[in-house]
Amino acid sequence: MVNIMIADDNIEFAHLLANMLTKEEDFRVVNISNNGFEAIISYTELKPDVLLLDLAMPGYDGLEVLRVLSEKKENDTNIIVMSGDMKYRAAITYASKIKYIFQKPFDNKVIIEKIREFKKSPYTDEDVNKEIYNLLQDLNFNMYSKGTLLLIDAIKTAHKTPSYAFKTEELMKSVAKSNNTNKFISIRSTIDKSINAMYEKQSNLDLICKVFPEFYGYKPTVKSLITNTINYLNNKFQEK
């Protein structure tokens, strides 16, 4: 999850922004502050992954917030400035924690994409691909079957875009597109056949339950296998 804090004196705008962001399954809005003093206290206590900061606020404005937070020892560059006032943007002198600056109004899709960058894995695609391949091989999937190859594609895609893990249809459409087809329903069916083939052997079931105890007693669905594999990968990388 990406923990997000919003600092903006426009209460209506701040709540509309929060509602828009929390529709993303991997986003969590942990605080809304309506002035700079509150923002500094909340940021220090909550340590959010990203702060969306308006510059024109009463009392302590966004410029003062930037000054105080930039003087702290933490090296996180995790502030996205959002301001429609050129006077404030031109006055920025403390920028060590600013990642991006957006002019209001901004494109919601773009800001969602930029926020998601804060939780990108520090590991390379090759590291991720190797872990996925090794896991499925250890679980005795047929590594040459079309279903397993599509499953690998789906896991890789969901790992890059975490919200896909919760939106199976969109994930299947993305995998279908990367395989030059629009038959996303058949993609899911083919992956499910590969899971069935693995699941039919009791020895394989014992293997998968060692890695994913939650699958004890029932066959994993495409969605549950992908979601649990993403969690497995995240935990695996955190251990390293």
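Scanning the range 177-220 for residues that are in a loop (DSSP other than H, G, I, E, B) and within 18 Å of HIS159 (Cβ to Cβ) gives ASN179, PHE212, PRO220. Scanning the range 56-112 for residues that are under 21 Å from SER42 (Cβ atoms), in a loop (DSSP other than H, G, I, E, B), touching a Lys or Arg at 6+ places or on another chain (Cβ under 9 Å) and not aliphatic (A, V, I, L, M) yields LYS72, GLU74, ASN75, ASP76, THR77, ASN78, SER83, TYR94, LYS97.
Matching residues to (1) aromatic (Phe, Trp, Tyr); (2) in contact (Cβ under 8 Å) with a residue 12 or more places away in the chain; (3) open to solvent by less than 30 Å² (accessible area, probe 1.4 Å); (4) under 30 Å from ASN204 (Cβ atoms):
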| position | (1), (2), (3), (4) |
| --- | --- |
| VAL65 | no, yes, yes, no |
| THR77 | no, yes, no, no |
| VAL81 | no, yes, yes, no |
| ARG89 | no, yes, no, no |
| LYS104 | no, yes, no, no |
| ASN108 | no, yes, no, no |
| ILE111 | no, yes, yes, no |
| GLU131 | no, yes, yes, yes |
| LEU139 | no, yes, yes, yes |
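Taking the condition of being aliphatic (A, V, I, L, M), closer than 27 Å to LYS87 by Cα and open to solvent by 10 Å² or more (accessible area, probe 1.4 Å), how many residues in the range 23-56 meet it? Give the steps one after another, and end with the answer.
Residues of the range 23-56 aliphatic (A, V, I, L, M): 29-30, 32, 39-41, 46, 50-53, 55-56.
Still in the list and also closer than 27 Å to LYS87 by Cα: 32, 39-41, 50-53, 55-56.
After this cut, where a residue has to be open to solvent by 10 Å² or more (accessible area, probe 1.4 Å) as well, the list is 32, 40-41, 56.
The total comes to 4.
Only a single item in (1) open to solvent by 40 Å² or more (accessible area, probe 1.4 Å); (2) without any contact (Cβ under 8 Å) to a residue 12 or more places away in the chain is not met by ALA176, and it is number (1).
Considering the range 149-161, and only residues there that are in contact with a helix residue (DSSP H, G or I) (Cβ under 7 Å, 6 or more places away or on another chain) and touching a residue at least 40 places away in the same chain (Cβ under 8 Å), the residue that is most open to solvent (accessible area, probe 1.4 Å) turns out to be HIS159. Criterion applied to LYS99, LYS167, LYS146 was being touching a residue at least 12 places away in the same chain (Cβ under 8 Å), open to solvent by less than 90 Å² (accessible area, probe 1.4 Å) and among the basic types (Lys, Arg), and the one residue passing it is LYS167. Here's a check for you: in the range 135-166, which residue that is part of a helix (DSSP H, G or I) and among the hydroxyl-bearing types (Ser, Thr, Tyr) is farthest from PHE118 (Cα to Cα)? Going through the qualifying residues, I end up with THR148.
Can you say whether MET172 is part of a loop (DSSP other than H, G, I, E, B) and not polar (S, T, N, Q), as far as the supplied structure shows?
Details: part of a loop (DSSP other than H, G, I, E, B): no; not polar (S, T, N, Q): yes.
Spelling it out, it is not the case that MET172 is part of a loop (DSSP other than H, G, I, E, B) and not polar (S, T, N, Q).
Restricting to the range 215-228, name every residue that is within 23 Å of GLU169 (Cα to Cα) and open to solvent by 10 Å² or more (accessible area, probe 1.4 Å). Full working, then the answer.
Within the range 215-228, the first condition is being within 23 Å of GLU169 (Cα to Cα), and the residues that meet it are 215, 218-228.
Answer for the range 215-228, where residues must be within 23 Å of GLU169 (Cα to Cα) and open to solvent by 10 Å² or more (accessible area, probe 1.4 Å): TYR218, LYS219, THR221, LYS223, SER224, THR227, ASN228.
Just a yes or no: is a residue in the range 184-207 more than 18 Å from LEU136 (Cβ to Cβ), within 26 Å of the chain's Cα centre (by Cα) and surrounded by 19 or more Cβ atoms within 10 Å (Cβ to Cβ)? Checked the range 184-207: at least one residue is more than 18 Å from LEU136 (Cβ to Cβ), within 26 Å of the chain's Cα centre (by Cα) and surrounded by 19 or more Cβ atoms within 10 Å (Cβ to Cβ).
Among the residues examined, TYR123 does not qualify as modelled with pLDDT of 85 or more, open to solvent by 50 Å² or more (accessible area, probe 1.4 Å) and among the hydroxyl-bearing types (Ser, Thr, Tyr).
The values are calculated or read from the model by the stated rules, or taken from the named source; none is laboratory data. Keep in mind it's a predicted model, so treat the numbers as computed, not measured. Note: ideal-geometry Cβ built from the backbone for every residue, glycine included; neighbour counts use all protein chains shown. Side chains are part of the model used for accessible areas, which takes the heavy atoms of the whole protein and leaves out ligands, DNA and RNA. Shrake-Rupley method; radii C 1.70, N 1.55, O 1.52, S 1.80 Å.
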